[in-house]
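Novice: This is the structure I want to talk about, given as structure tokens.
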There are 2 protein chains.
Amino acid sequence: MTSSTTEASAPTPAETDPTTVPELVAAATRAGVVWAATSRQDRAAVLDAVADALDAAGGTLVPLAVEDSHLAEGRLRGELQRTTFQLRLFGEVLREGSYLDVRVDHPDAEWPMGAPRPDLRRTMVPLGPVVVFAAGNFPFAFSVAGNDMASALAAGCPVLLKAHPGHLRLSLATAEVVQRALAEAGAPEGLFTLVVGDEAGRAALTDPGVTAGGFTGSTGGGRALFDLAVSRPVPIPFFGELGSVNPVFVTRAAAEARGAEIAKEAIGSFTLGAGQFCTKPGVLVVPNGSPLLEALSSADLPGPAPMLSERMVEGHNRVRHELEGVAGVEVLARGTDAEDGTPAPTILRTDVATLLADVEDLFRECFGPTVLVATYEGSGGNEDLVALAQAIDGQLTASVFGETSDVEGVRELVSVLANRAGRLLWNAWPTGVSVTYAQEHGGPYPATTAPSTTSVGTGAIARWLRPVAYQGFPSGLLPGELRDELDEGADAPRLEDGRLRLSGRER
Amino acid sequence: MTSSTTEASAPTPAETDPTTVPELVAAATRAGVVWAATSRQDRAAVLDAVADALDAAGGTLVPLAVEDSHLAEGRLRGELQRTTFQLRLFGEVLREGSYLDVRVDHPDAEWPMGAPRPDLRRTMVPLGPVVVFAAGNFPFAFSVAGNDMASALAAGCPVLLKAHPGHLRLSLATAEVVQRALAEAGAPEGLFTLVVGDEAGRAALTDPGVTAGGFTGSTGGGRALFDLAVSRPVPIPFFGELGSVNPVFVTRAAAEARGAEIAKEAIGSFTLGAGQFCTKPGVLVVPNGSPLLEALSSADLPGPAPMLSERMVEGHNRVRHELEGVAGVEVLARGTDAEDGTPAPTILRTDVATLLADVEDLFRECFGPTVLVATYEGSGGNEDLVALAQAIDGQLTASVFGETSDVEGVRELVSVLANRAGRLLWNAWPTGVSVTYAQEHGGPYPATTAPSTTSVGTGAIARWLRPVAYQGFPSGLLPGELRDELDEGADAPRLEDGRLRLSGRER
């Protein structure tokens, strides 16, 4: 798994001394004053420069990522592309400006609330320094230069980036590229700092100067950090993306019409990246006696694929073992685990009644290449499906596979799932999360600790901002986007006296 | 303070049995399914009907409010007008639709992240049943039918309304008007429920079916409820509006040019409603030796005005006593307290150095008619002012009084204050919060427990919503506002492929 040449040349960072964290936060705070006052155009140019530098460093970073994470080179090269795309996309968001949700109310002596309306103008300001805990399963896209970092920098917040212990050498190398690019682009010193070690991470999250936290990882780890963040003397928002089972519901009509195809795609999705995605489909609800079930039971499963770490292997194998131990669960299909314990993809089977009777033990995340198939009887089985959807907790995603003829039949199911998940999919698999304007990667707890936010897509910038209203201010003291006479580059869409306008320059 | 006729006819509600709360939440959940599926137009019509019913009941409700709260009839009549205006304004927000932040991404095979972009469409859905804790100091506008209730109903969330113990008879009477209007307008049963008693309130906040909490009140009470909300097995968002000092900074130029005028307005603001506003200016930073200071010290203060309750009187008098006991604090002006302890308006005085040396003991909320004047030396005094602004914690508001010639001199002060407060005012007083599109009534803790939100103005609706993305769905299963072919009334502004459009009907 390792190449001794690269290993020799890539140092592992030392743990950050927790007693130095207050200095790092103070430096971030000073940088934040400058950065918040930097124009949107200039911030966008800095993000572009970071993206360019990361692209240029791919030849060094990707091999290091392969060694640290055991993920395939092609996957990691694609992930780096996604990462630099994200940085540039936030540049576009800054230039476009609607994320500021600018609102301008002109004075109105006849305002019907019973008192004259003053001149009020609202925009968004950055929260201040934030700490981001990197994910283990996306060494690029949710790590040092990932979406949390990109969205926070775009918002105007300095970032303390807690490295994930699973890829420390890559984290250090990435941070060096980022910091050099920031410095060369003229960003203030202290804007971005790598923090290594759990103790230093906790010190950062509880430092009085830190204003928010971001996290992608396990439910247990995320909840512990959430508890820290909200029990501070000054509690702060904590945007944790934790666990999700991502159920997939297949109608009988779809299972009959496309059984083999759906089975093949399901196997591709739950084994992708050795099942180490927060959007891995963990439960498939399929009709009993269908070609889909037949195709799953006779599937030619791929062999064991390396996981991120020994800890991941142990965690997966423990949960899989516990699932198998529940009465009414059997193995539908499985290859042979590798000698070192690396798991073979596994399809377990139960029925919806058993699942419903023990949701807590059976409807749970098994991080790795295992999926639980729950069969239902009948032609539609929709009562069972709705009952199951009502019984589950918060999810990142929920998918429905159906035919055109199913639209009316699944209406209630889709409606219930909209109350459980941040993203619903029709005839599509939840893995492979696209980075777009309309993406929503979030959901009720335990999918996240902040159900009104997203950690993927351009909406992620909103987590690091808060509104400020200016009442009766002279133009010269207003932020650029709130003025009547707009400087070039300061324009943004605005809600003016309650009416949306595409530009503040419209008259 | 009381009229025996009205008293006899207005019953005090019994405490809600906490063991019945799960049933109330279950009923709210059932109502929520129907209400969330009700069109924006129909929800707006229901809000209008509630507003009409409250207006029609003013003749009964206002006298009851006078008795329960000891506030003046004119003030309460105005507050009822504000309350029904709020309800109707959220109807407008529903019809206009930009609060949904609709985003539509069409498929794009060439999407530069390295994988094709699917069809993704995002809108907002209601969180589910919420519990709102009514405020004591606004018997109408932040109580049973207040802004939290109006914004939550508009968002599509059922409301359990925890009555404030300070005006229970008014709460019951208001709730009866609301419930009758809701029923007559065809809203589902269980959509709105009055909850009485602290124990029942806590039971509601910790009920598994409740998805968020709203609160306006003291820092201590709000923090205790926040702690409950975030320590649930499933933590939920808690939107608490707690305490604020609302500092006012006056430049020397303004204090020289308009000393008498500013003093008169200051006294009007800090004694308004006996100082019982969360936006009451609590600290005035004024130049030493100025006509403003002279005018404040020789002010003809109004007499004691009744406070909401004995508890309010005791709380105010205790904090005022503690402030007076700090070395370096003296009484600048005060009348004579009433015999029953009702406080006379009081102006205390210290200097900025003393204040800075003991921010924790001196820069604190004294809920009632007391203000602390902190004097500074020098012509501009701006270093002291900036240092003070940097030393304080989160605020709802911060005000600056200055002349045109001060604009450059106060730039840094205004910039620092934007990091401390949700609303900044120029030559204006923070009391008398206008209900508008651009209003921001929020701020970093302890001003609120959720700095990215507002509890006044149309932006308040966002607290009760979360985004859901639909990937690859047939039009017939999409929420109306996400379709390409829009039904009448379903249209809303949208971000389409990253470009804002005023209507989904534009092509």
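Rule-based calculations on the coordinates, nothing more; no lab input. Just so it is clear, the structure is predicted and the values come from calculations on it, not from any experiment. Every residue, glycine as well, gets a Cβ built from its backbone with ideal geometry; the counts of neighbours run over all protein chains shown.
Novice: Starting from the amide H of A:Q395, placed 1.01 Å from N in the peptide plane, find each other amide H under 5 Å away whose residue is 5 or more places distant or on another chain.
Specialist: A:A421, A:G422, A:A447
Novice: Using R₀ = 30 Å, calculate the FRET efficiency as 1/(1 + (r/R₀)^6) where r is the Cβ-Cβ separation of B:A327 and B:E294; round to 0.05.
Specialist: Given R0 = 30 Å and the Cβ-Cβ separation, E is 0.80.
Novice: Using modelled backbone amide H atoms (1.01 Å from N, in-plane), which distant-in-sequence or interchain residues come within less than 5 Å of B:D337's amide H?
Specialist: Result for B:D337 returns B:A344.
Novice: Related question: Order of B:I392, A:I461, B:I236 from fewest to most other C-beta atoms within 10 Å?
Specialist: Ordered by Cβ neighbours within 10 Å, fewest first: B:I392, B:I236, A:I461.
Novice: Moving on. Starting at the first residue of the range B:29-38, write each ³J(HN,Hα) from the Karplus equation 6.51 cos²θ - 1.76 cosθ + 1.60 with θ = phi - 60°, in whole Hz, x for Gly and Pro.
Specialist: With coefficients 6.51, -1.76 and 1.60, one gets 4, 4, 4, x, 4, 5, 5, 5, 8, 6 Hz.
Novice: Right, next: Using a 7 Å offset from Cα along the direction of the beta-carbon, what are the separations from A:G489 to the same position in each other copy, nm, ascending?
Specialist: 4.7
Novice: Mind checking which aspartates and glutamates have their C-alpha under 16 Å from B:K162, skipping anything on the same chain fewer than 8 residues away?
Specialist: B:E15, B:D17, B:E23, B:D148, B:E176, B:D198, B:E199, B:D207, B:E241
Novice: Put a dot 7 Å past each Cα toward the Cβ at B:H106 and B:S503; how far apart are the dots in nm?
Specialist: 1.9 nm
Novice: Under 1.5 on a/c is rounded, so check that first for the range A:331-441, then, if it is not, pick prolate when a/b is larger than b/c and oblate when it is not; a ≥ b ≥ c are the square roots of the alpha carbon gyration tensor eigenvalues. List each step's numbers first, then the result.
Specialist: Working: a/c = 1.86, a/b = 1.29, b/c = 1.44.
Since a/c reaches 1.5 but b/c is at least a/b, the shape of the range A:331-441 is classed as oblate.
Novice: Set the Förster distance to 56 Å, then compute FRET efficiency between B:A224 and A:A260 from the Cβ-Cβ distance, nearest 0.05.
Specialist: The calculated FRET efficiency here is 0.45.
Novice: How much length is gained on full extension from B:A45 to B:R232, taking 0.36 nm per residue of separation minus their Cα-Cα distance? Before the final figure, lay out each step's value.
Specialist: On the way: separation 187, 0.36 × 187 = 67.32 nm, distance 3.57 nm.
Value of the extension gain: 63.8 nm.
Novice: Is the shape of chain A best called rounded, prolate or oblate, per the rule: a/c under 1.5 gives rounded, else a/b larger than b/c gives prolate, else oblate, with a ≥ b ≥ c the square roots of the Cα gyration tensor eigenvalues?
Specialist: Oblate is the answer for chain A, as a/c is 1.5 or above yet b/c matches or exceeds a/b.
Novice: With label points built 7 Å along Cα→Cβ from the Cα atoms of A:E412 and A:A72, find their separation and express it in nm.
Specialist: Here the answer is 4.3 nm between the modelled labels.
Novice: Oh, and also: Taking each label point as 7 Å beyond Cα in the direction of the beta carbon, state the distances from A:G378 to the same residue in the other copies, shortest first, in nm.
Specialist: Label-point distances to the other copies, shortest first: 7.7 nm.
Novice: Here is a follow-up. Hey, can you grab everything whose amide H is under 5 Å from the amide H of A:W111? Only 5+ residues off in sequence or another chain; H modelled, so Pro and N-termini drop out.
Specialist: For A:W111, the qualifying residues are A:R117.
Novice: May I ask which residue of chain B has the beta-carbon nearest to the axis carrying chain B onto chain A, and at what distance in whole Å?
Specialist: B:V230, 2
Novice: Continuing with the same structure: Helix A:40-56: angle to the longest alpha-carbon principal axis of chain A, degrees 0 to 90, nearest 10?
Specialist: 40 degrees
Novice: How large is ³J(HN,Hα), in whole Hz, for each residue of the range B:439-451 in order, when computed from phi with the Karplus curve 6.51 cos²θ - 1.76 cosθ + 1.60 and θ = phi - 60°, using x for Gly and Pro?
Specialist: 5, 10, 10, x, x, x, 4, x, 4, 9, 9, 8, x
Novice: Using a ≥ b ≥ c from the Cα gyration tensor of the range A:248-426 (square roots of the eigenvalues), is it rounded, prolate or oblate, where a/c under 1.5 gives rounded and otherwise the larger of a/b and b/c decides, a/b for prolate?
Specialist: Taking the square roots of the gyration eigenvalues as a ≥ b ≥ c, the range A:248-426 is prolate.
Novice: Helix-only mean residue ellipticity at 222 nm, chain A, DSSP H runs n ≥ 4 weighted -39,500 (n - 2.57), per residue, nearest 500. What is it?
Specialist: Result for chain A, helices only: -11500 deg cm²/dmol.
Novice: Which lysines have a Cα less than 21 Å from the Cα of B:K264, not counting those fewer than 8 places away in the same chain?
Specialist: The reachable lysines, counting only those whose Cα sits under 21 Å from B:K264, are B:K280.
Novice: Nearest 10 degrees is fine. How inclined is helix A:382-391 to the longest principal axis of chain A, computing both from alpha carbons?
Specialist: 50 degrees
Novice: Net charge near A:E23, counting Lys/Arg +1 and Asp/Glu -1 over other residues with Cβ under 12 Å of its Cβ?
Specialist: Details: positive: A:R30; negative: A:D17, A:D207.
So the environment of A:E23 carries a net charge of -1.
Novice: Could I ask something else about it? Looking only at other chains, what is the average number of their beta-carbon atoms within 10 angstrom of each beta-carbon in B:220-227?
Specialist: Average per residue, whole number: 1.
Novice: Mind checking the mean number of beta-carbon atoms from other chains within 10 Å of the Cβ atoms in A:229-236? Please report the intermediate quantities before stating the final value.
Specialist: On the way: counts 1, 8, 3, 1, 4, 5, 9, 3.
Per residue, the number of nearby Cβ atoms from other chains is 4 on average.
Novice: For B:Q390, place a label point 7 Å out from Cα along the Cα→Cβ vector, do the same in each other copy, and report the separations in nm, one decimal, smallest first.
Specialist: Between copies, matching label points for B:Q390 lie 5.9 nm apart.
Novice: Starting with the highest mean, order B:316-328, B:260-272 by the number of other Cβ atoms within 10 Å, averaged over the residues of each peptide.
Specialist: Peptide ranking by packing, descending: B:260-272, B:316-328.
Novice: Let me ask something additional. Per-residue mean of other chain beta-carbon atoms within 10 angstrom of the beta-carbon, peptide A:89-98?
Specialist: 2
Novice: Where Lys and Arg each count +1 and Asp and Glu each count -1, what net charge lies around A:H316 among other residues with Cβ under 14 Å from its Cβ?
Specialist: Net charge in that neighbourhood comes out at -1.
Novice: Tell me, what is the FRET efficiency for B:R311 and B:V33 to the nearest 0.05, using R0 = 30 angstrom and their Cβ-Cβ distance as r?
Specialist: In this case the efficiency is close to 0.15.
Novice: Related question: Tally the DSSP beta bridges in the range A:248-426 and give the antiparallel ones as a percent, rounded to 5.
Specialist: Looking only at bridges with both residues in the range A:248-426, the antiparallel portion is about 15 percent.
Novice: A follow-up question, please. To test your reading of the geometry: what angle, between 0 and 90 degrees and rounded to tens, separates the Cα axis of helix B:219-230 from the longest principal axis of chain B?
Specialist: Computed tilt is about 30 degrees.
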